[in-house]
Amino acid sequence: MTQRVIHTFEPVCDCHSKILILGTIPSVKSREVQFYYGNPRNRFYKVLGTLLHCEFPNDIAGKKKMLLKNGIALFDVLRSCDIHASADASIRNPQANDFSKIFDAAQIHMVFANGKKAYELYQRHCLPVTRRECICLPSTSPANAAADMDKLLASWAQILDYL
């Protein structure tokens, strides 16, 4: 069943953030835990932990600490949309988030999209406003079975050039 979803939690960001990583909108699991990439099968934190040579964080406080310590801001492209479960392909009536708070607070060198849908939505709805380039990375979602861990690490390693 399709439902209207509204993004309810704040971005992760501080004045030391150098890159911004964007998802589409929180998944069902992320909405349940009220934090980004809440599905334990999502490889987002495992990829970052491996690239940054740090321990894989298990709780929200640890995840925030890892992100901020390494200059990473985290948010989603959409403020709201109609979506079926967590299926990005089902997104309708998207409304973009306002990124001015992040760009005003930090010296963001590059924006990265976690997956093609986040990238497409950013290009269509945000780029005209932000005027900031965005690089598309393969999705860390468990739905992206085509990307094994080695492929994700090889692609995501480019974030290190901006940190």
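Please give the calculated 222 nm ellipticity per residue for the chain, where each DSSP H segment of at least 4 residues contributes -39500 (n - 2.57) and the sum is spread over every residue; nearest 500 deg cm²/dmol? If you can, show how the numbers build up before the last one.
Details: 7 runs with 52 residues, N = 163.
The per-residue figure over the chain is -8000 deg cm²/dmol.
Around Ala145, under 15 Å between beta carbons, what's the net of Lys plus Arg minus Asp minus Glu among the other residues?
+1
Counting only other residues whose beta carbon sits under 15 Å from that of Leu51, what net charge do I get with K and R as +1, D and E as -1?
Numbers: positive: Lys18, Arg43, Lys46, Lys63, Lys69, Lys151; negative: Glu55, Asp150, Asp161.
Within the 15 Å Cβ shell, the charges total +3.
Glu133 to Ser100: extension gain in nm, 0.36 nm per residue of separation minus the Cα-Cα distance?
Contour length minus Cα-Cα distance gives 10.4 nm.
If the only charges are +1 at each Lys and Arg Cβ and -1 at each Asp and Glu Cβ, what is the size of the charge dipole of the chain around the Cα centre, to the nearest 20 debye?
Result for the chain is approximately 160 debye, rounded to the nearest 20.
Find, among the trypsin sites (Lys or Arg not before Pro) in segment 95-140, those assigned to loop by DSSP (not H, G, I, E, B) with at most 15 other beta-carbon atoms within 10 angstrom.
Arg131, Arg132
Taking the chain, how much of its Cα-Cα pair set, in percent, is spaced more than 25 angstrom apart?
Tail of the P(r) past 25 Å holds 23 percent of the pairs.
So what's the net charge close to Pro94: Lys and Arg +1, Asp and Glu -1, counting the other residues with Cβ under 12 Å from its Cβ?
It works out to a net charge of +1.
For the chain, what is the percent of antiparallel DSSP beta bridges, rounded to the nearest 5?
Numbers: 9 of 22 bridges.
Bridges in the chain that DSSP calls antiparallel: roughly 40 percent.
Only the coordinates and a few stated rules stand behind these numbers; no lab work does. A quick note: this is a predicted structure, and the numbers were derived from the prediction, not measured. Don't worry about glycine lacking a Cβ; one is built from the backbone with ideal geometry, like all the others, and counts go over all protein chains shown.
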